[in-house]
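Structure first, commentary second.
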Amino acid sequence: MYASNDIPFLDLVTPHMELEEELTAVFRRALFTAGFVGGPMVEEFEQAFAAFCDTKSSVALNSGTDALRFAIMACGIEPGNVVVTVPHTFIATTEAISQAGAIPEFVDIDENTYNMSVERLQEYLEQGCTRNGSGRLISKRSQRPVAAIVPVHLYGQIADMDSILRLANQYGLTVIEDACQAHGAEYFSGKLNRWMKAGTMGRAAAFSFYPGKNLGACGEAGAAVTDDPVIVAKIRMLRDHGQAKKYYHDIEGYNGRLDSIQAGLLHVKLAHLAAWNAQRRDRAAEYDRLLAGNDAVTCPYEPSWSRAVYHLYVISTDDRDGMIRHLKEAGIGTGIHYPVPLHLQKAYAHMNYGPQDFPVATRVAGRIVSLPMFPQLRADQQARVADEIYAFTSKTAGSREASEKAVLS
Ligand SMILES: *Cc1c(COP(=O)(O)O)cnc(C)c1O
(Lines give C-alpha, C1' and ligand atoms only; values in the text may rest on other atoms or scores of the structure.)
Protein backbone atom coordinates (compact mmCIF):
# COMPACT_ATOMS: atom_id res chain seq x y z
CA MET A 1 0.00 0.00 0.00
CA TYR A 2 0.99 3.60 -0.43
CA ALA A 3 1.48 6.09 2.38
CA SER A 4 -1.36 8.62 2.23
CA ASN A 5 0.81 11.29 0.66
CA ASP A 6 2.30 8.92 -1.93
CA ILE A 7 1.25 9.22 -5.55
CA PRO A 8 1.07 5.88 -7.36
CA PHE A 9 2.07 5.52 -11.00
CA LEU A 10 -1.29 3.88 -11.64
CA ASP A 11 -4.45 3.36 -9.56
CA LEU A 12 -6.43 0.32 -10.65
CA VAL A 13 -8.43 0.01 -7.43
CA THR A 14 -10.50 3.21 -7.37
CA PRO A 15 -12.31 2.62 -10.70
CA HIS A 16 -13.20 -0.91 -9.58
CA MET A 17 -14.50 0.32 -6.22
CA GLU A 18 -16.70 2.83 -8.05
CA LEU A 19 -18.17 0.05 -10.22
CA GLU A 20 -18.27 -2.69 -7.58
CA GLU A 21 -21.95 -3.61 -7.90
CA GLU A 22 -21.96 -3.82 -11.68
CA LEU A 23 -18.70 -5.75 -11.79
CA THR A 24 -19.70 -8.33 -9.20
CA ALA A 25 -23.01 -8.84 -11.02
CA VAL A 26 -20.93 -10.10 -13.96
CA PHE A 27 -19.41 -12.83 -11.77
CA ARG A 28 -22.88 -13.88 -10.62
CA ARG A 29 -24.17 -14.04 -14.19
CA ALA A 30 -21.25 -16.22 -15.26
CA LEU A 31 -21.48 -18.47 -12.20
CA PHE A 32 -25.18 -19.11 -12.50
CA THR A 33 -25.27 -19.57 -16.28
CA ALA A 34 -22.03 -21.58 -16.23
CA GLY A 35 -21.05 -19.72 -19.39
CA PHE A 36 -17.31 -19.37 -18.89
CA VAL A 37 -15.74 -19.29 -22.36
CA GLY A 38 -17.33 -17.60 -25.36
CA GLY A 39 -21.11 -17.28 -25.40
CA PRO A 40 -23.43 -14.28 -25.17
CA MET A 41 -21.30 -12.21 -22.77
CA VAL A 42 -18.41 -12.35 -25.23
CA GLU A 43 -20.62 -11.60 -28.24
CA GLU A 44 -22.27 -8.66 -26.49
CA PHE A 45 -18.89 -7.19 -25.64
CA GLU A 46 -17.60 -7.73 -29.18
CA GLN A 47 -20.52 -5.75 -30.60
CA ALA A 48 -20.11 -2.96 -28.08
CA PHE A 49 -16.36 -2.70 -28.63
CA ALA A 50 -16.75 -2.63 -32.44
CA ALA A 51 -19.30 0.18 -32.00
CA PHE A 52 -16.86 2.07 -29.77
CA CYS A 53 -14.09 1.70 -32.37
CA ASP A 54 -16.27 2.59 -35.41
CA THR A 55 -15.46 -0.77 -37.00
CA LYS A 56 -17.88 -3.35 -38.37
CA SER A 57 -16.55 -6.15 -36.19
CA SER A 58 -14.37 -7.04 -33.28
CA VAL A 59 -13.14 -10.47 -32.23
CA ALA A 60 -12.46 -10.86 -28.51
CA LEU A 61 -9.26 -12.72 -27.72
CA ASN A 62 -7.19 -13.68 -24.71
CA SER A 63 -4.50 -11.03 -25.24
CA GLY A 64 -3.37 -8.12 -27.36
CA THR A 65 -0.41 -10.19 -28.47
CA ASP A 66 -2.69 -12.85 -29.95
CA ALA A 67 -4.89 -10.14 -31.43
CA LEU A 68 -1.91 -8.78 -33.36
CA ARG A 69 -0.60 -12.23 -34.27
CA PHE A 70 -3.99 -13.43 -35.57
CA ALA A 71 -4.61 -10.15 -37.40
CA ILE A 72 -1.26 -10.52 -39.19
CA MET A 73 -2.01 -14.14 -40.12
CA ALA A 74 -5.59 -13.40 -41.19
CA CYS A 75 -4.42 -10.55 -43.44
CA GLY A 76 -2.53 -13.15 -45.47
CA ILE A 77 0.99 -12.25 -44.38
CA GLU A 78 2.91 -15.40 -45.27
CA PRO A 79 5.62 -17.13 -43.26
CA GLY A 80 8.99 -15.67 -44.20
CA ASN A 81 7.54 -12.31 -45.23
CA VAL A 82 8.94 -9.14 -43.71
CA VAL A 83 6.76 -6.95 -41.51
CA VAL A 84 8.12 -3.47 -40.85
CA THR A 85 7.65 -1.90 -37.43
CA VAL A 86 9.45 0.30 -34.89
CA PRO A 87 12.04 -0.63 -32.24
CA HIS A 88 10.53 1.74 -29.65
CA THR A 89 7.59 -0.41 -28.49
CA PHE A 90 6.74 -3.27 -26.16
CA ILE A 91 8.21 -6.57 -27.35
CA ALA A 92 4.71 -8.02 -27.91
CA THR A 93 4.65 -6.13 -31.25
CA THR A 94 7.57 -8.12 -32.66
CA GLU A 95 6.62 -11.33 -30.85
CA ALA A 96 3.29 -11.23 -32.66
CA ILE A 97 5.09 -10.71 -35.99
CA SER A 98 7.59 -13.55 -35.39
CA GLN A 99 4.97 -15.89 -33.98
CA ALA A 100 2.86 -15.31 -37.09
CA GLY A 101 5.87 -16.72 -38.97
CA ALA A 102 6.97 -13.36 -40.37
CA ILE A 103 10.23 -11.47 -39.93
CA PRO A 104 10.23 -8.14 -38.10
CA GLU A 105 12.41 -5.35 -39.49
CA PHE A 106 12.67 -1.90 -37.97
CA VAL A 107 12.55 1.71 -39.04
CA ASP A 108 13.42 4.46 -36.57
CA ILE A 109 10.94 6.68 -34.78
CA ASP A 110 10.18 10.37 -35.10
CA GLU A 111 12.04 12.41 -32.49
CA ASN A 112 8.97 14.42 -31.52
CA THR A 113 6.08 11.95 -31.48
CA TYR A 114 8.18 8.82 -30.73
CA ASN A 115 6.02 6.99 -33.30
CA MET A 116 7.13 5.58 -36.66
CA SER A 117 9.10 8.11 -38.69
CA VAL A 118 7.57 8.53 -42.13
CA GLU A 119 10.93 9.75 -43.48
CA ARG A 120 12.69 6.63 -42.20
CA LEU A 121 9.93 4.41 -43.56
CA GLN A 122 10.23 6.02 -46.98
CA GLU A 123 14.02 5.66 -46.86
CA TYR A 124 13.65 1.98 -45.93
CA LEU A 125 11.29 1.35 -48.84
CA GLU A 126 13.35 3.32 -51.36
CA GLN A 127 16.88 2.39 -50.30
CA GLY A 128 16.52 -0.66 -48.05
CA CYS A 129 14.56 -2.67 -50.62
CA THR A 130 14.82 -3.78 -54.25
CA ARG A 131 12.39 -5.35 -56.71
CA ASN A 132 12.93 -8.94 -57.78
CA GLY A 133 12.29 -10.37 -61.28
CA SER A 134 8.55 -10.60 -60.69
CA GLY A 135 8.36 -7.07 -59.30
CA ARG A 136 8.05 -8.01 -55.61
CA LEU A 137 9.53 -5.70 -53.03
CA ILE A 138 12.49 -7.46 -51.38
CA SER A 139 14.30 -6.37 -48.22
CA LYS A 140 18.02 -6.04 -48.86
CA ARG A 141 18.67 -6.93 -45.23
CA SER A 142 16.91 -10.32 -45.17
CA GLN A 143 16.38 -10.95 -48.89
CA ARG A 144 12.73 -11.64 -48.05
CA PRO A 145 9.57 -10.14 -49.56
CA VAL A 146 8.18 -7.19 -47.62
CA ALA A 147 4.45 -7.65 -46.99
CA ALA A 148 3.20 -5.37 -44.25
CA ILE A 149 3.72 -2.40 -41.96
CA VAL A 150 2.73 -2.43 -38.28
CA PRO A 151 2.63 1.13 -36.94
CA VAL A 152 2.35 1.28 -33.15
CA HIS A 153 0.15 4.01 -31.64
CA LEU A 154 2.45 4.38 -28.66
CA TYR A 155 1.38 5.98 -25.38
CA GLY A 156 -2.13 6.47 -26.82
CA GLN A 157 -1.17 8.65 -29.79
CA ILE A 158 -1.85 7.54 -33.35
CA ALA A 159 1.05 7.39 -35.79
CA ASP A 160 0.95 9.55 -38.94
CA MET A 161 -1.43 7.22 -40.73
CA ASP A 162 -2.16 9.26 -43.89
CA SER A 163 1.54 9.20 -44.77
CA ILE A 164 2.02 5.57 -43.75
CA LEU A 165 -1.03 4.47 -45.77
CA ARG A 166 0.14 6.50 -48.78
CA LEU A 167 3.51 4.70 -48.76
CA ALA A 168 1.81 1.35 -48.12
CA ASN A 169 -0.46 1.85 -51.13
CA GLN A 170 2.43 2.97 -53.28
CA TYR A 171 4.41 -0.19 -52.41
CA GLY A 172 1.47 -2.62 -52.20
CA LEU A 173 1.83 -3.32 -48.47
CA THR A 174 -0.82 -4.21 -45.89
CA VAL A 175 -1.10 -2.02 -42.79
CA ILE A 176 -2.06 -3.59 -39.47
CA GLU A 177 -2.31 -1.21 -36.50
CA ASP A 178 -0.90 -2.04 -33.09
CA ALA A 179 -3.52 -0.04 -31.20
CA CYS A 180 -2.86 -1.85 -27.91
CA GLN A 181 -2.25 1.47 -26.11
CA ALA A 182 -4.70 3.62 -28.05
CA HIS A 183 -8.35 2.69 -27.37
CA GLY A 184 -10.38 5.67 -28.53
CA ALA A 185 -7.48 7.79 -29.80
CA GLU A 186 -8.27 9.87 -32.87
CA TYR A 187 -6.39 11.00 -35.96
CA PHE A 188 -7.42 13.72 -38.37
CA SER A 189 -7.07 12.33 -41.85
CA GLY A 190 -6.38 15.22 -44.21
CA LYS A 191 -7.05 12.85 -47.08
CA LEU A 192 -10.55 11.93 -45.87
CA ASN A 193 -11.07 15.29 -44.15
CA ARG A 194 -12.37 13.75 -40.92
CA TRP A 195 -11.33 12.40 -37.54
CA MET A 196 -10.67 8.64 -37.53
CA LYS A 197 -10.54 6.30 -34.53
CA ALA A 198 -7.57 4.10 -33.74
CA GLY A 199 -8.08 0.74 -35.42
CA THR A 200 -10.13 1.98 -38.36
CA MET A 201 -7.33 2.89 -40.74
CA GLY A 202 -5.43 -0.36 -41.34
CA ARG A 203 -6.81 -3.62 -42.76
CA ALA A 204 -7.11 -4.77 -39.14
CA ALA A 205 -5.96 -3.63 -35.71
CA ALA A 206 -5.07 -5.13 -32.35
CA PHE A 207 -6.11 -3.89 -28.91
CA SER A 208 -4.95 -5.11 -25.51
CA PHE A 209 -7.07 -5.15 -22.37
CA TYR A 210 -4.20 -5.94 -20.05
CA PRO A 211 -5.26 -4.48 -16.66
CA GLY A 212 -3.16 -1.31 -16.94
CA LYS A 213 -4.39 -0.32 -20.43
CA ASN A 214 -6.98 2.46 -20.88
CA LEU A 215 -9.61 -0.28 -21.03
CA GLY A 216 -8.35 -3.09 -18.83
CA ALA A 217 -9.75 -6.48 -17.90
CA CYS A 218 -9.33 -8.06 -14.46
CA GLY A 219 -6.93 -10.50 -16.07
CA GLU A 220 -5.72 -11.06 -19.63
CA ALA A 221 -7.73 -9.99 -22.67
CA GLY A 222 -7.47 -8.41 -26.12
CA ALA A 223 -9.40 -7.88 -29.34
CA ALA A 224 -8.84 -7.56 -33.06
CA VAL A 225 -11.02 -5.18 -35.06
CA THR A 226 -11.64 -4.90 -38.79
CA ASP A 227 -14.32 -4.06 -41.35
CA ASP A 228 -13.51 -7.13 -43.42
CA PRO A 229 -15.78 -10.16 -42.79
CA VAL A 230 -13.24 -12.55 -44.35
CA ILE A 231 -10.60 -11.44 -41.84
CA VAL A 232 -13.13 -11.75 -39.02
CA ALA A 233 -13.91 -15.34 -40.01
CA LYS A 234 -10.21 -16.23 -40.18
CA ILE A 235 -9.44 -14.72 -36.76
CA ARG A 236 -12.41 -16.59 -35.24
CA MET A 237 -11.00 -19.83 -36.65
CA LEU A 238 -7.49 -19.08 -35.41
CA ARG A 239 -8.70 -18.35 -31.88
CA ASP A 240 -10.67 -21.60 -31.66
CA HIS A 241 -8.43 -24.45 -32.86
CA GLY A 242 -9.09 -23.81 -36.54
CA GLN A 243 -12.74 -24.83 -36.30
CA ALA A 244 -15.80 -22.96 -37.53
CA LYS A 245 -17.96 -26.03 -36.77
CA LYS A 246 -17.18 -27.95 -33.60
CA TYR A 247 -14.60 -30.72 -34.15
CA TYR A 248 -14.22 -29.95 -37.87
CA HIS A 249 -10.78 -28.39 -38.08
CA ASP A 250 -10.05 -26.73 -41.43
CA ILE A 251 -6.65 -25.55 -40.21
CA GLU A 252 -4.56 -25.93 -37.09
CA GLY A 253 -5.41 -22.98 -34.89
CA TYR A 254 -4.75 -21.85 -31.33
CA ASN A 255 -6.57 -21.45 -28.07
CA GLY A 256 -6.95 -17.69 -28.11
CA ARG A 257 -10.47 -17.39 -26.71
CA LEU A 258 -11.62 -14.85 -24.15
CA ASP A 259 -13.29 -15.80 -20.84
CA SER A 260 -16.91 -14.70 -20.51
CA ILE A 261 -16.18 -13.12 -17.13
CA GLN A 262 -13.49 -10.89 -18.63
CA ALA A 263 -15.81 -9.94 -21.50
CA GLY A 264 -18.56 -9.02 -19.04
CA LEU A 265 -16.20 -6.96 -16.88
CA LEU A 266 -14.84 -5.19 -19.97
CA HIS A 267 -18.36 -4.44 -21.15
CA VAL A 268 -19.15 -2.72 -17.84
CA LYS A 269 -15.93 -0.70 -17.97
CA LEU A 270 -16.32 0.15 -21.68
CA ALA A 271 -19.29 2.38 -20.82
CA HIS A 272 -16.83 4.62 -18.92
CA LEU A 273 -13.94 4.56 -21.37
CA ALA A 274 -14.79 7.77 -23.26
CA ALA A 275 -15.11 9.70 -19.97
CA TRP A 276 -11.88 8.18 -18.61
CA ASN A 277 -10.05 9.09 -21.82
CA ALA A 278 -11.35 12.66 -21.55
CA GLN A 279 -10.07 12.80 -17.95
CA ARG A 280 -6.67 11.54 -19.10
CA ARG A 281 -6.55 14.32 -21.71
CA ASP A 282 -7.40 16.87 -19.00
CA ARG A 283 -4.66 15.45 -16.74
CA ALA A 284 -2.19 15.63 -19.64
CA ALA A 285 -3.11 19.27 -20.32
CA GLU A 286 -2.56 20.00 -16.63
CA TYR A 287 0.93 18.43 -16.69
CA ASP A 288 1.69 20.39 -19.89
CA ARG A 289 0.73 23.58 -18.07
CA LEU A 290 2.63 22.77 -14.86
CA LEU A 291 5.82 21.75 -16.66
CA ALA A 292 5.76 24.38 -19.43
CA GLY A 293 8.27 26.63 -17.68
CA ASN A 294 10.76 23.86 -16.94
CA ASP A 295 13.40 23.90 -19.69
CA ALA A 296 15.00 20.72 -18.39
CA VAL A 297 12.08 18.52 -19.43
CA THR A 298 10.35 17.91 -22.75
CA CYS A 299 6.62 17.22 -22.55
CA PRO A 300 4.74 14.95 -24.97
CA TYR A 301 4.27 16.40 -28.43
CA GLU A 302 0.75 16.21 -29.79
CA PRO A 303 0.44 17.30 -33.43
CA SER A 304 -2.71 19.19 -34.46
CA TRP A 305 -3.92 16.06 -36.28
CA SER A 306 -3.86 13.97 -33.12
CA ARG A 307 -6.21 13.52 -30.17
CA ALA A 308 -4.17 11.23 -27.95
CA VAL A 309 -5.72 9.28 -25.07
CA TYR A 310 -2.58 9.40 -22.90
CA HIS A 311 -2.23 5.78 -21.95
CA LEU A 312 1.07 7.14 -20.65
CA TYR A 313 2.34 10.66 -20.06
CA VAL A 314 6.01 10.49 -21.01
CA ILE A 315 8.50 13.31 -20.53
CA SER A 316 12.17 13.29 -21.45
CA THR A 317 15.14 14.72 -19.57
CA ASP A 318 18.95 14.46 -19.40
CA ASP A 319 19.30 12.71 -16.03
CA ARG A 320 16.35 10.38 -16.26
CA ASP A 321 17.60 7.89 -13.69
CA GLY A 322 18.36 10.64 -11.19
CA MET A 323 14.88 12.08 -11.65
CA ILE A 324 13.26 8.68 -11.09
CA ARG A 325 15.28 8.23 -7.87
CA HIS A 326 14.31 11.68 -6.67
CA LEU A 327 10.62 11.10 -7.36
CA LYS A 328 10.74 7.69 -5.70
CA GLU A 329 12.18 9.23 -2.53
CA ALA A 330 9.32 11.74 -2.65
CA GLY A 331 6.82 8.86 -2.81
CA ILE A 332 5.96 9.33 -6.48
CA GLY A 333 5.68 6.30 -8.76
CA THR A 334 7.10 6.40 -12.30
CA GLY A 335 7.87 3.99 -15.13
CA ILE A 336 10.12 3.71 -18.20
CA HIS A 337 8.40 2.70 -21.40
CA TYR A 338 10.75 1.27 -22.52
CA PRO A 339 14.32 1.25 -21.17
CA VAL A 340 15.85 -0.97 -23.88
CA PRO A 341 14.71 -0.55 -27.49
CA LEU A 342 13.95 -3.81 -29.27
CA HIS A 343 16.96 -3.62 -31.61
CA LEU A 344 19.24 -3.80 -28.53
CA GLN A 345 17.39 -6.58 -26.70
CA LYS A 346 19.21 -9.85 -26.11
CA ALA A 347 16.29 -11.67 -27.73
CA TYR A 348 17.14 -9.91 -31.00
CA ALA A 349 20.94 -10.15 -30.85
CA HIS A 350 20.73 -12.40 -33.94
CA MET A 351 19.41 -9.44 -35.95
CA ASN A 352 22.83 -7.81 -35.54
CA TYR A 353 21.57 -4.31 -35.04
CA GLY A 354 23.67 -1.73 -33.19
CA PRO A 355 22.71 1.43 -31.26
CA GLN A 356 23.42 3.63 -34.32
CA ASP A 357 21.05 1.70 -36.61
CA PHE A 358 18.12 3.51 -34.94
CA PRO A 359 19.72 6.48 -33.22
CA VAL A 360 16.49 8.22 -32.24
CA ALA A 361 15.04 5.12 -30.55
CA THR A 362 18.36 4.48 -28.82
CA ARG A 363 18.59 8.06 -27.55
CA VAL A 364 14.96 8.33 -26.47
CA ALA A 365 15.13 5.10 -24.45
CA GLY A 366 17.79 6.68 -22.24
CA ARG A 367 15.85 9.88 -21.58
CA ILE A 368 12.19 9.00 -21.00
CA VAL A 369 10.17 8.87 -17.78
CA SER A 370 6.48 8.02 -17.54
CA LEU A 371 4.74 10.13 -14.88
CA PRO A 372 1.70 9.04 -12.84
CA MET A 373 -1.26 8.97 -15.25
CA PHE A 374 -4.76 7.64 -14.64
CA PRO A 375 -8.22 9.20 -14.90
CA GLN A 376 -8.64 9.70 -11.14
CA LEU A 377 -5.30 11.51 -10.72
CA ARG A 378 -5.96 14.80 -8.88
CA ALA A 379 -4.68 18.28 -9.75
CA ASP A 380 -3.06 18.64 -6.30
CA GLN A 381 -1.18 15.38 -6.85
CA GLN A 382 0.01 16.63 -10.23
CA ALA A 383 1.15 19.91 -8.68
CA ARG A 384 3.26 17.92 -6.22
CA VAL A 385 4.76 15.83 -9.05
CA ALA A 386 5.64 19.03 -10.94
CA ASP A 387 7.12 20.62 -7.79
CA GLU A 388 9.34 17.61 -7.17
CA ILE A 389 10.45 17.65 -10.80
CA TYR A 390 11.40 21.33 -10.39
CA ALA A 391 13.19 20.56 -7.14
CA PHE A 392 15.24 17.96 -8.96
CA THR A 393 15.95 19.82 -12.20
CA SER A 394 16.93 23.06 -10.46
CA LYS A 395 19.37 21.09 -8.28
CA THR A 396 20.97 19.31 -11.25
CA ALA A 397 21.00 22.50 -13.37
CA GLY A 398 23.02 24.09 -10.55
CA SER A 399 25.48 21.23 -10.42
CA ARG A 400 25.77 21.19 -14.21
CA GLU A 401 26.69 24.88 -14.21
CA ALA A 402 29.20 24.24 -11.43
CA SER A 403 30.86 21.40 -13.35
CA GLU A 404 30.96 23.47 -16.54
CA LYS A 405 32.66 26.27 -14.57
CA ALA A 406 35.15 23.76 -13.14
CA VAL A 407 35.99 22.59 -16.67
CA LEU A 408 36.49 26.18 -17.87
CA SER A 409 38.69 27.34 -15.00
C1 LIG B 1 0.20 -4.23 -24.14
C2 LIG B 1 0.75 -4.20 -25.51
C3 LIG B 1 0.71 -5.32 -26.37
C4 LIG B 1 0.30 -6.69 -25.93
O5 LIG B 1 -0.85 -6.82 -25.26
P6 LIG B 1 -1.09 -8.03 -24.22
O7 LIG B 1 -2.55 -7.95 -23.99
O8 LIG B 1 -0.27 -7.75 -23.01
O9 LIG B 1 -0.69 -9.29 -24.90
C10 LIG B 1 1.15 -5.17 -27.67
N11 LIG B 1 1.64 -4.00 -28.13
C12 LIG B 1 1.73 -2.92 -27.32
C13 LIG B 1 2.27 -1.66 -27.89
C14 LIG B 1 1.31 -3.00 -25.99
O15 LIG B 1 1.42 -1.93 -25.21
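The values are calculated or read from the model by the stated rules, or taken from the named source; none is laboratory data. A quick note: this is a predicted structure, and the numbers were derived from the prediction, not measured. In this analysis, Cβ positions are derived from the backbone assuming ideal geometry, glycine residues included, and neighbour counts consider all displayed protein chains. Side chains are part of the model used for accessible areas, which takes the heavy atoms of the whole protein and leaves out ligands, DNA and RNA. Shrake-Rupley method; radii C 1.70, N 1.55, O 1.52, S 1.80 Å.
Listing for the model above:
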{"quantity": "Residues satisfying the stated conditions in the stretch 318-374, i.e. of a type in the set (Val, Ile, Thr) and in a loop (DSSP other than H, G, I, E, B)", "calculated": "THR334, ILE336, VAL340"}
{"quantity": "In the stretch 206-221, residue surrounded by the fewest Cβ atoms within 10 Å (Cβ to Cβ) [restricted to those that are under 12 Å from the mean Cα position of the chain (by Cα) and within 10 Å of the ligand (Cβ to nearest atom)]", "calculated": "GLY212"}
{"quantity": "Pair list, Cβ < 8 Å and 6+ apart or interchain, from the stretch 280-298 residues that are in contact (Cβ under 8 Å) with a residue 40 or more places away in the chain to residues that are of a type in the set (Gly, Ala, Ser) and in a loop (DSSP other than H, G, I, E, B)", "calculated": "ALA284/ALA308"}
{"quantity": "Scan of the stretch 205-258 for residues that are assigned to a strand (DSSP E or B) and in contact (Cβ under 8 Å) with a residue 12 or more places away in the chain, ordered by number", "calculated": "ALA205, ALA206, PHE207, SER208, GLY222, ALA223, ALA224, VAL225, THR226, ASP240, ASN255"}
{"quantity": "Lone unmet requirement of (1) touching a Phe, Trp or Tyr at 6+ places or on another chain (Cβ under 7 Å); (2) within 30 Å of ILE97 (Cα to Cα); (3) crowded, with 17+ Cβ neighbours inside 10 Å; (4) not polar (S, T, N, Q) for ILE368", "calculated": "(1)"}
{"quantity": "Breaking point among (1) touching a residue at least 40 places away in the same chain (Cβ under 8 Å); (2) open to solvent by 10 Å² or more (accessible area, probe 1.4 Å); (3) within 16 Å of the ligand (Cβ to nearest atom), for GLU95", "calculated": "(1)"}
{"quantity": "Failed condition for GLN356, given (1) in contact with a Ser or Thr (Cβ under 9 Å, 6 or more places away or on another chain); (2) in contact (Cβ under 8 Å) with a residue 24 or more places away in the chain", "calculated": "(2)"}
{"quantity": "Count of the stretch 29-47 residues which are open to solvent by 30 Å² or more (accessible area, probe 1.4 Å) and at pLDDT 95 or above", "calculated": "3"}
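Results for (1) of a type in the set (Gly, Ala, Ser); (2) crowded, with 19+ Cβ neighbours inside 10 Å; (3) assigned by TED's automatic domain parsing to the domain that holds VAL232, shown as yes or no for each residue.
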site: GLN122; (1), (2), (3): no, no, yes
site: ARG131; (1), (2), (3): no, no, yes
site: LEU154; (1), (2), (3): no, yes, yes
site: SER163; (1), (2), (3): yes, no, yes
site: GLU177; (1), (2), (3): no, yes, yes
site: ARG194; (1), (2), (3): no, no, yes
site: GLY199; (1), (2), (3): yes, yes, yes
